[in-house]
Amino acid sequence: MKPTRLLILAGGRSEEHQVSIASARAVLEATKTMVDIDSAVLVVARNGFWLTIEESRKALDAGTQTAESGGGLPMLHAIIAEMITDYDVVFPLMHGPFGEDGTVQGLLELAGIPYIGCGVLASAVCMDKIMTKEVLRANHVPQVRFVATTRDEYAADPARILGEVKERLDAPWFVKPANLGSSIGVSKARDEAELELAITKALSYGRRALIEESVVHVRELEVAVLGNATPEASLVGEVVHSSDFYDNEAKYGVGCEVRIRIPAHVSAAVCDSIRELALRVYKILDCAGFARVDFFYQERTGEIFLNEVNTIPGFRPTSMYPRLWEAGGVGYQYVIRQLVKLALER
């Protein structure tokens, strides 16, 4: 039997470009010893130019964390034609906007190319934290209280937005860009002055921002979900960090102590509730393939709050998603095989 031809899409224009390149390198390396999968990588440069397969290979071989392109954009129809004729499945490992948000998924749908992960709808909804919260609030999924604003709204009347936040939400507040992952652009605000700065920062990354009420003494728990119509949930893991909150610097910076506990040190009943809620959220949002679902757990009250859903989580062997499965006896290569199988089933 011929091996399945897998094309990994990586890079892109988002702030998570480097994370995407690292994930793609890891999958490419893992599949080198898999006789049933033959893989290659196609990189989208930071400026949005699509590299050829050969240019992508050279960019990865150079060992750079960021792919740049000084040339012209290859004809997209030629790239799509190559995908259709030369590959069986595409793995869009492009984190953040212009990759995780349904844009690339829509392109692949139009071309009729099987791909790994969520479809257009789930990708678009989950990429926007505000829309995710609105959909899940309508389905009575527990979440922390929040206020949403846009760049135009805030520019027109910042006092109204600040007043609404102070009236509806207790301080301190967490302020986030609506459509970025890896905790990019996230700030903690303790007073109105910090809140103004945090909203301005978040809106510099996109036109919508989310302001959430902080819940004190919460634990950050995460679940990996794998599957289409009948998904399965991994063990529950916990992120323990020394920083004030789990921002981008804590995730990827130097000198920030981050520990991963798998399984999380919580009761079996709490684990069961979180895994059950993760599967429920996955189905409500019509996710497919894989996703990581993140929660806050307040031990004092026993309350569980949904934090967010990542439809293309970091995918290095050291990333949380593969580690959650590894802890349960499901290896990295097996997860890749399952994702390919799930893509071809859809």
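The values are calculated or read from the model by the stated rules, or taken from the named source; none is laboratory data. Remember, it's a predicted structure, so these values are computed and weren't measured experimentally. No Cβ is skipped: glycine too gets one built from the backbone with ideal geometry, and neighbour counts run over all protein chains shown.
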When only residues in segment 229-253 that are surrounded by 16 or more Cβ atoms within 10 Å (Cβ to Cβ) and assigned to a strand (DSSP E or B) count, which is modelled with the lowest pLDDT? HIS241
Farther than 19 Å from PHE290 by Cβ, at pLDDT 95 or above and touching a helix residue (DSSP H, G or I) at 6+ places or on another chain (Cβ under 8 Å): is that true of ASP88 in this structure? no
Given (1) within 18 Å of GLN143 (Cβ to Cβ); (2) of a type in the set (Asp, Glu); (3) not in a helix (DSSP H, G or I), ASP286 misses just (1)
Please go through segment 20-56 and give me each residue that is closer than 22 Å to GLY181 by Cβ and crowded, with 22+ Cβ neighbours inside 10 Å, ordered by number. SER20, ILE21, SER23, ALA24, VAL27, VAL41, LEU42, VAL43, VAL44, ALA45
If you go through segment 213-228, how many residues are surrounded by 16 or more Cβ atoms within 10 Å (Cβ to Cβ) and over 19 Å from the mean Cα position of the chain (by Cα)? 5
Residue check: is ALA202 part of a helix (DSSP H, G or I), hydrophobic (A, V, I, L, M, F, W, C) and surrounded by 14 or more Cβ atoms within 10 Å (Cβ to Cβ)? yes
Among the residues of segment 135-157, is there at least one that is acidic (Asp, Glu) and part of a loop (DSSP other than H, G, I, E, B)? yes
If a residue must be over 18 Å from ASP170 (Cβ atoms), touching a helix residue (DSSP H, G or I) at 6+ places or on another chain (Cβ under 6 Å) and not β-branched (Val, Ile, Thr), how many such residues does segment 181-195 contain? 3
Expected single match for more than 22 Å from VAL266 (Cα to Cα) and either surrounded by fewer than 14 Cβ atoms within 10 Å (Cβ to Cβ) or of a type in the set (Val, Ile, Thr) (or both) among VAL293, VAL330, VAL309, VAL335 is VAL335
